[in-house]
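Values quoted throughout were computed directly from the atomic coordinates according to the rules given, and no laboratory measurement underlies them. Because the structure is a prediction, the values reported are computed rather than measured. Counting neighbours? That spans all protein chains shown, and the Cβs are built from the backbone with ideal geometry, glycine included.
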Amino acid sequence: MEVVTPELLEEFKERMHITHNEDDNLIRLLSFSIADIKLKCGPFEIDKNDIARELVLERTRYTYNDALEYFNSNFLSQINSLAMSIAFEEGEADATI
């Protein structure tokens, strides 16, 4: 299970206007979203990659609203861009070694 920071949890709750406590469920959903985006795009640090963070929040929103089946098609361009960006960064890191 991916680690979800308290800041990420609060950001999602604010974005979704969630005021009641369902933190355990939200942490689980956020964790699944982080894992899924990493699987599709490659490794990233969520606190340092704004595009990845946004995709995680959006995927979690779709999951929370029982619409996950629409996420991949609606965000395909952003998913591909993130994957290419991560691959490019990895390639640059390998070239400097």
### Message
Among the residues that make up the range 64-71, is at least one of them out of contact with any Gly (no Cβ under 9 Å at 6 or more places or on another chain) and within 17 Å of L8 (Cβ to Cβ)?
### Response
yes
### Message
All but one of (1) under 18 Å from E90 (Cα atoms); (2) touching a Leu at 6+ places or on another chain (Cβ under 7 Å) hold for K40; state the number of the condition that does not hold.
### Response
(2)
